[in-house]
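S.K.: Dumping the structure here so I can ask a few things about it.
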Amino acid sequence: MLNNIDTYANTSSTLLEVPGLDTPGHIHSVETCGTVDGPGLRYVLFLSGCPLRCQYCHNPDAQGKPCGEVKTAGEALDDILKYKNFLKKGGLTISGGEPLIQSEFVHAVFKGAKEAGLHTALDTSGFVGHKASDELLENVDLVLLDLKSWSPMTYKFVTGVCIDPTLRFAKRLAEMNKPAWIRFVLVPGLTDNERNIAGVAEFVATLSNVERMEILPFHKMGEDKYRQSGIPYRLTHTPTPTAGQIDRARNIFASFGIDAI
């Protein structure tokens, strides 16, 4: 235990020279043993604030302007580094909300995490990808990019915003050869139109940096949060996709040479 404490103390002292550690950020929540937001065991830092209004969002209380607990980037890093020895085969993921709403905070935390030797992943919709400077992305090992639909009309109906900024960000990541996992939420009656899925697949097939394609089955785990927040939940009567529907989506991706999981 003393060795662990000494390692943490030594690592923390090396972060004193990282710029921006006094940048404040609005924290939504923390998951210290995440296993689905990037490779390995991960510390997942969920930030508050998001310009999207996704109908299936499981953190509706993170929508809108950033709010909630405020910590500096340095304070957030202090907590992250307490788990460093458990994250050696995993790392840090910053999610949301939409983390790039707080890009300066994200930049400082990722910079410090990289200095400490952690793998870093950014979970984003890409809608405000223009806020991610090249310097920020240099400290990101992996981008988890949510491509919520292909049809512009469907995308706007699902999210409340237009798709173009996300596509531009995806192409920028490809040009940088930045490793990416693409995520697509399959919602019966909403995003499961064959042409919509095929459009996503055809676009992803043009990106040379994609390491993994994930089909995420719709769930209602966030429904109670809508009720508590007084926000209408529009998918009460929407079922989770069947195994057959998921296989159908995988087959569409396969037809474009993509092995979706």
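S.K.: Look through segment 33-51, keep the residues that are of a type outside the set (Gly, Ala, Ser) and buried (at least 19 other Cβ atoms within 10 Å of the Cβ), and return whichever of them is nearest to VAL161 (Cα to Cα).
M.R.: CYS50
S.K.: Restrict the check to segment 54-62 and report whether at least one residue is over 20 Å from TYR233 (Cβ atoms) and among the hydroxyl-bearing types (Ser, Thr, Tyr).
M.R.: no
S.K.: So which residues in segment 147-194 are hydroxyl-bearing (Ser, Thr, Tyr) and within 17 Å of the chain's Cα centre (by Cα)?
M.R.: Listed by number, the residues that qualify are SER149, THR159, THR166.
S.K.: Residues to consider are GLY68, GLY38, GLY25; find the one that is at pLDDT below 90, closer than 22 Å to THR124 by Cβ and either out of contact with any Asp or Glu (no Cβ under 7 Å at 6 or more places or on another chain) or not basic (Lys, Arg) (or both).
M.R.: Testing whether each residue is at pLDDT below 90, closer than 22 Å to THR124 by Cβ and either out of contact with any Asp or Glu (no Cβ under 7 Å at 6 or more places or on another chain) or not basic (Lys, Arg) (or both) leaves just GLY68.
S.K.: Taking segment 71-95 only, how many residues are in contact with an Asp or Glu (Cβ under 7 Å, 6 or more places away or on another chain) and not in a strand (DSSP E or B)?
M.R.: Matching residues across segment 71-95 total 1.
S.K.: State all residues of segment 146-187 that are part of a strand (DSSP E or B), within 21 Å of GLY97 (Cβ to Cβ) and in contact with a helix residue (DSSP H, G or I) (Cβ under 6 Å, 6 or more places away or on another chain); if no residue qualifies, say none.
M.R.: Those that are part of a strand (DSSP E or B), within 21 Å of GLY97 (Cβ to Cβ) and in contact with a helix residue (DSSP H, G or I) (Cβ under 6 Å, 6 or more places away or on another chain): ALA180, ILE182, PHE184.
S.K.: Let me ask something else about it. In segment 189-226, how many residues are within 12 Å of ILE252 (Cα to Cα), part of a loop (DSSP other than H, G, I, E, B) and touching a strand residue (DSSP E or B) at 6+ places or on another chain (Cβ under 8 Å)?
M.R.: Count: 1.
S.K.: May I ask you to list pairs of residues, at least six apart or on different chains, whose Cβ atoms are under 7 Å apart, with the first in segment 160-177 being over 19 Å from THR191 (Cβ atoms) and modelled with pLDDT of 95 or more and the second being surrounded by fewer than 13 Cβ atoms within 10 Å (Cβ to Cβ) and of a type in the set (S, T, N, Q)?
M.R.: Pairs that qualify, where the first residue is over 19 Å from THR191 (Cβ atoms) and modelled with pLDDT of 95 or more and the partner is surrounded by fewer than 13 Cβ atoms within 10 Å (Cβ to Cβ) and of a type in the set (S, T, N, Q), are ALA174/SER208.
S.K.: Could I ask something else about it? Picking from HIS107, HIS130, which residue would you name as being in contact (Cβ under 8 Å) with a residue 24 or more places away in the chain, part of a helix (DSSP H, G or I) and buried (at least 19 other Cβ atoms within 10 Å of the Cβ)?
M.R.: After applying the criteria, what remains is HIS107.
S.K.: Can you tell me which residue in segment 75-104 is nearest to LEU186 (Cα to Cα), limited to those that are surrounded by fewer than 24 Cβ atoms within 10 Å (Cβ to Cβ) and free of Cβ contacts under 8 Å to residues at least 40 places away in the same chain?
M.R.: SER103
S.K.: From the list THR159, THR72, which one is surrounded by fewer than 20 Cβ atoms within 10 Å (Cβ to Cβ) and farther than 22 Å from PRO39 by Cα?
M.R.: Only one candidate qualifies: THR72.
S.K.: Does SER103 satisfy the criteria of being farther than 22 Å from PHE169 by Cβ and of a type in the set (Ser, Thr, Tyr)?
M.R.: Spelling it out, it is not the case that SER103 is farther than 22 Å from PHE169 by Cβ and of a type in the set (Ser, Thr, Tyr).
The values are calculated or read from the model by the stated rules, or taken from the named source; none is laboratory data. Owing to the predicted nature of the structure, the values given are computational and were not obtained by experimental measurement. Note: ideal-geometry Cβ built from the backbone for every residue, glycine included; neighbour counts use all protein chains shown.
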